[in-house]
Amino acid sequence: MRVLSRRLVSSIALSAAAFGCALASPAAAQTAEGDQAEDAERGVGVIVVTAQKREQDQRDVPLSISTLSSDALAAVQAGGGDIRGLAGRVPNLNIESSFGRSFPRFYIRGLGNTDFDLNASQPVSLVYDDVVLENPILKGFPIFDLDRIEVLRGPQGTLFGRNTPAGIVKFDTVKPGTDGGYAKASWARFNTIQLEGAVGANLGNGFSFRASGFYQHRDHWVDNIDNGAGDDLGGYDDFAGRLQLQYEDGPLTARLTGQVRVLDGSAILFRANVFQRGSNELIGLGGPGTEFRRDRIRSDGINFQELNTYNVGLTVDYDFGPATLTSVTSYWNGNLKSRGDIDGGFGNAFAPSQGPGFIPFSAQTRDDVPSLDQYTQEVRLASNNQTGLGYQIGGFFFNERLNITTLDYGAPADTVAAAVAVQRQVTNAFGLFGTLSYTFDNGLILQAGARYNDDDRDFAAARPIDTRPGFLGFGGPVGTLRTEAKANLLTWDLSAVYPVSDAVNIFARAARGYRAPSIQGRLAFGRALSVADAERTMSYETGIKTVLFDGAARFNLTGYYFNTEDLQLTAVGGGGNVTALLNADDVEGYGFEAELVARPTDGLDLSIGVGFNENEIKSPGLGVAGCGAPCTVLNAPIAGRPGIFSIDGNRLPQSPKWSVNWTAGYAHPVGAGELYVFTDWYYRSRIQFFLYNSVEFSDDSLIEGGLRFGYRTGDGKFDVAAFARNITNNVSATGGIDFNNLTAYVNEPRIIGIELGTRF
């Protein structure tokens with residue numbers, strides 16, 4: 001596999017160079033920069049990114065970077081969409097969640113973490129206005145009033161530090177400094193209401209502000225057939241707000257930010273025995289041969305979710321001329337209460353009637369975050385020159401204090417629970433980083449960077465009481481277990497970008513990434529803490545970035561290979577229902593991302609992105625428990641270890657081999673404005689939900705499409721549109737629970753609605 005992957009990357013590099021040379025015609029080489037800029041404005045435009053913490057043309061950045069167009073972002077958000085709607089909208093990005101809107105899990109190039117615990121670390125970092133959002137409950141913060149979204153693939157350890165070996169999803173908000181704003185409102189199926197708006201103004205004497213707000217509502221739309229007629233699940237109210245106050249005085253810019261989110265609604269809906277045994281076909285509440293319906297469920301448990309997060313931050317820039325000094329200070333606080341019917345059904349074998357299907361026992365646990373406090377501080381100095389020698393140096397400090405309480409209910413309808421486990425985690429990390437780059441007269445840019453990372457995590461998990469019946473095998477000692485994990489590592493990257501012509505850049509990059517050690521302690525079911533050592537990733541990529549046909553098209557292609565040592569994996573559920581951390585000896589992966597954006601004629605915009613990813617766990621002797629549900633495990637059992645199956649040679653969970661996204665938009669002038677239509681689609685191939693392979697806990701493919709049709713005035717002040725999400729009403733399982741029965745959760749239903757918008 002290693003030889004094949006290196007050949008793939010090498011062949012892409014040679015193809016990129018050949019393609020670049022073919023396009024480097026004398027006519028192209030003599031095109032003036034001003035003409036290029038004009039062509040780009042007429043065509044697909046110049047993409048400005050901040051992937052290296054400064055504004056740059058994406059062609060000059062030696063990374064595989066994807067951005068979302070404003071049309072694509074508006075489409076994804078329509079009809080009550082949350083951050084999970086970004087899944088697959090760029091190549092090799094997947095997002096899913098077993099918590100719903102409050103806890104997204106990100107995967108880039110197959111690397112991610114299926115752990116559902118509230119202290120789970122992920123190899124994909126989410127960065128919001130230069131601030132890392134580490135804990136999972138922060139990562140679902142709504143996306144509104146944004147200037148750009150960037151997906152940076154591959155290790156980002158030099159500038160962004162720990163827990164970024166797979167990449168980054170990066171959000172930059174619209175900043176104060178201009179007058180005006182926008183407002184839009186939509187209504188859709190299930191009485192889904194979305195309101196969004198922002199207003200900004202210059203206040204004089206160097207002060208300006210921007211206020212942004214976001215609200216989503218959905219009525220309950222799922223009928224629990226065991227508590228009488230009427231819809232009683234699936235609804236939510238989700239509010240977020242942001243206020244920014246900025247002061248500018250010559251070289252000084254200071255921006256104070258406050259943000260808040262309040263979510264109140266249903267947790268995700270688990271559906272018991274939704275798979276036909278021996279296949280991954282979804283079946284209805286009546287069992288095999290009955291039609292699966294999203295809007296019906298059979299459950300005896302209480303379901304709710306309440307999330308509150310708050311943020312205050314200060315960003316200060318001082319331009320000394322040759323260099324700019326930047327300080328980014330941020331504090332985040334959050335709390336979460338979430339309860340769902342984990343067994344996904346009604347009753348159990350000891351308390352019939354039960355259903356749908358056979359429910360061995362009721363599972364009614366709940367995890368809360370009573371308090372989360374995250375403080376980060378970064379200071380960096382970056383050169384301002386565009387040619388010659390450039391540099392960035394800086395330091396970063398991270399502190400997190402996290403409390404988690406696990407509650408267990410004696411019966412599904414109980415409202416009073418016993419606290420069977422309490423976790424407290426304190427994390428401190430700091431980093432020192434620096435990069436040097438040199439831009440030669442021929443346009444060649446060479447760059448090198450390094451970062452020293454130091455992490456220290458203290459963890460304590462206590463079992464105040466033990467309420468678990470002994471015959472289930474979940475019992476354990478009452479008391480407190482403590483442990484600590486420390487690590488330090490140097491991460492680095494080397495890269496080069498070369499303009500073969502005015503239209504074509506080629507690049508290559510080698511980078512080392514790092515994920516800090518993790519600790520897990522779900523004592524509600526387990527008897528011991530588990531620790532995963534730090535993982536280390538080496539990544540190599542090369543590619544081509546182009547602007548073609550006088551700015552009418554943009555094509556990017558990247559090939560990559562990575563090897564991760566001591567990859568952190570999470571064995572979730574299984575026959576023992578124990579969440580445990582593991583380290584795999586090695587995981588290898590390779591593939592490519594290809595993206596084409598084109599404006600072949602005025603008013604017509606097209607795009608397509610293709611991601612291909614192969615990966616393999618290489619860890620002889622590594623095994624996990626098979627499912628406790630009656631599923632069909634495809635891996636071989638490990639001799640002498642009953643119920644344990646080898647995962648050596650498996651693909652990583654939630655990592656499709658293929659992902660494809662495409663869009664098409666057309667606008668036709670009518671009167672003082674234009675009629676427009678926009679459609680967007682996403683396809684992913686087969687995925688497994690867990691580390692072991694099984695017939696049932698998988699999904700063969702998913703394809704979702706959206707459509708938007710509307711009219712907007714030429715000055716952009718008014719926009720009215722009808723839209724549809726998941727227009728084919730594709731039904732696909734996106735994850736599962738394997739310790740009790742064949743439980744899964746599914747994608748969102750078809751949503752149809754209308755939207756009104758204005759800019760002022």
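For the stretch 330-376, rounded, prolate or oblate, judged on the Cα gyration tensor with a ≥ b ≥ c (square roots of eigenvalues), a/c < 1.5 rounded, else prolate if a/b > b/c? Before the final figure, lay out the partial values.
On the way: a/c = 5.85, a/b = 4.84, b/c = 1.21.
Here the stretch 330-376 falls in the prolate category.
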Problem set entry | Note, ³J(HN,Hα) from phi for the stretch 179-189, Karplus 6.51, -1.76, 1.60, rounded to Hz, x at Gly and Pro | 7, x, x, 8, 8, 8, 9, 9, 10, 8, 3
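Quantify, in whole percent, the carbon and sulfur part of the accessible surface of the stretch 638-687 (1.4 Å probe; protein heavy atoms only). Before the final figure, lay out the partial values.
Working: 1520 of 2260 Å².
C and S atoms contribute 67 percent here.
Taking the Cβ of F116 as the centre, find all other residues whose Cβ is under 9 Å away and add up their charges (Lys, Arg: +1; Asp, Glu: -1). List each step's numbers first, then the result.
Values: positive: R105; negative: D115, D117, D367.
It works out to a net charge of -2.
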Exercise. Going by a ≥ b ≥ c, the root eigenvalues of the Cα gyration tensor, does the stretch 630-760 fall in the rounded group (a/c under 1.5), the prolate group (a/b larger than b/c) or the oblate group?
Worked result: prolate
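Under the rule of -39500 (n - 2.57) per DSSP H run of 4 or more residues, summed and divided by the residues of the chain, what mean residue ellipticity at 222 nm is obtained, to the nearest 500 deg cm²/dmol?
It lands at -2000 deg cm²/dmol.
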Exercise. Which of the lysines could be linked to K618 by a straight reach, that is with a Cα gap under 23 Å, when you skip same-chain ones fewer than 8 residues away?
Worked result: K657
For this session: Rounded, prolate or oblate: pick one for the stretch 110-165, where a ≥ b ≥ c are the square roots of the eigenvalues of its C-alpha gyration tensor, a/c under 1.5 means rounded, and failing that, prolate if a/b is larger than b/c, else oblate.
Result: oblate
Exercise. Can you list the residues, at least 5 places off or on another chain, whose amide H is less than 5 Å from the amide H of A516, using H built in the peptide plane?
Worked result: N163
Exercise. So how compact is the stretch 339-453: Cα radius of gyration and Dmax in angstrom?
Worked result: 26.7, 79
Exercise. Using r as the Cβ-Cβ distance of V262 and A418, and R0 as 30 Å, what FRET efficiency do you calculate, to the nearest 0.05?
Worked result: 0.60
For this session: Mind jotting down the distance between the C-alpha centroids of the stretch 108-141 and the stretch 480-538, whole Å?
Result: 13 Å
Problem set entry | Peptide ranges 751-758, 513-520 listed from the most packed, as the mean C-beta count within 10 angstrom indicates | 513-520, 751-758
Problem set entry | Residue-by-residue Karplus 3J(HN,Hα) for the stretch 126-138, coefficients 6.51, -1.76, 1.60, Hz, glycine and proline x | 10, 10, 10, 6, 6, 10, 6, 9, 7, 6, x, 6, 8
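Report the percentage of all Cα-Cα pairs in the stretch 210-313 whose separation exceeds 23 Å, rounded to a whole percent.
Values: 2770 of 5356 pairs.
Above the 23 Å cut-off, the stretch 210-313 has 52 percent of its Cα pairs.
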Exercise. Hey, which lysines would be in cross-link range of K175, C-alpha to C-alpha under 24 Å, not counting anything within fewer than 8 residues on its own chain?
Worked result: K53, K139, K184, K717
Problem set entry | Placed amide H near K139: partners under 5 Å, 5+ positions off or other chain | none
Seminar exercise, completed: Scoring the chain by relative contact order with C-alpha pairs under 8 Å, at least six apart, yields a percentage of 13 percent
Exercise. Ignoring ligands, DNA and RNA, what percent of the accessible area of the stretch 99-220 is carbon or sulfur (1.4 Å)?
Worked result: 58 percent
Problem set entry | the chain, accessible area per residue, ligands and nucleic acids excluded (1.4 Å, Å²) | 37 Å²
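How large, in percent, is the carbon and sulfur part of the accessible surface of the stretch 294-432 at a probe radius of 1.4 Å? Mind showing how you got there, number by number?
Working: 3330 of 5360 Å².
The nonpolar share, carbon plus sulfur, comes to 62 percent.
The values are calculated or read from the model by the stated rules, or taken from the named source; none is laboratory data. Model, not experiment: these values are computed from the prediction. Note: ideal-geometry Cβ built from the backbone for every residue, glycine included; neighbour counts use all protein chains shown. Side chains included, ligands, DNA and RNA excluded: accessible areas come from the protein's heavy atoms. Shrake-Rupley method; radii C 1.70, N 1.55, O 1.52, S 1.80 Å.
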